[in-house]
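Written below as structure tokens is the structure these notes are about.
What follows draws every value from the coordinates through simple rules; no lab data is involved. The model shown is predicted, which means the values in this text are computed figures rather than measured ones. So basically every Cβ, Gly included, is an ideal-geometry build from the backbone, and we count neighbours across all protein chains shown.
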Amino acid sequence: MATPSLLGLTGQYWKLVAGMLLLLVGSIAPLFEATGMSWTVGTIVACVGYAFTLLAVRCPNCGSRWFWQAALDAGVYRPLFKESTCPSCQHDFSNRG
Ligand SMILES: [Zn+2]
């Protein structure tokens, strides 16, 4: 059994990965001229990636934006990766299916 995590149980790991990839690409690509990406574009791409993660990862039960909450209260990060209960509505996703 893998460690239960809200992101895994609700199938939203890909949103975190996609957002972090954009953040990385936007931060690193402008360093290399070959990519043709300016710092302006890179900054926009990075911000979009970060905003996507903040807004797109939500509790399927109560609609709470987990990473948005975690940005305001770092204590929310733990349940996202280590527990199966929504920090907002206390819904336990490990019992689903
Ligand atoms: Zn919830």
From (1) within 14 Å of the chain's Cα centre (by Cα); (2) away from the ligand (no atom under 16 Å from the Cβ), pick out the condition that doesn't hold for V41.
(1)
Among the residues listed as V17, V76, the single one being surrounded by fewer than 18 Cβ atoms within 10 Å (Cβ to Cβ), β-branched (V, I, T) and outside any loop (DSSP other than H, G, I, E, B):
V17
Qualifying residue in the stretch 55-65 (condition: among the polar types (S, T, N, Q), away from the ligand (no atom under 14 Å from the Cβ) and surrounded by fewer than 18 Cβ atoms within 10 Å (Cβ to Cβ)):
no
Can you find a residue in the stretch 62-84 that is polar (S, T, N, Q) and free of Cβ contacts under 8 Å to residues at least 12 places away in the same chain?
no
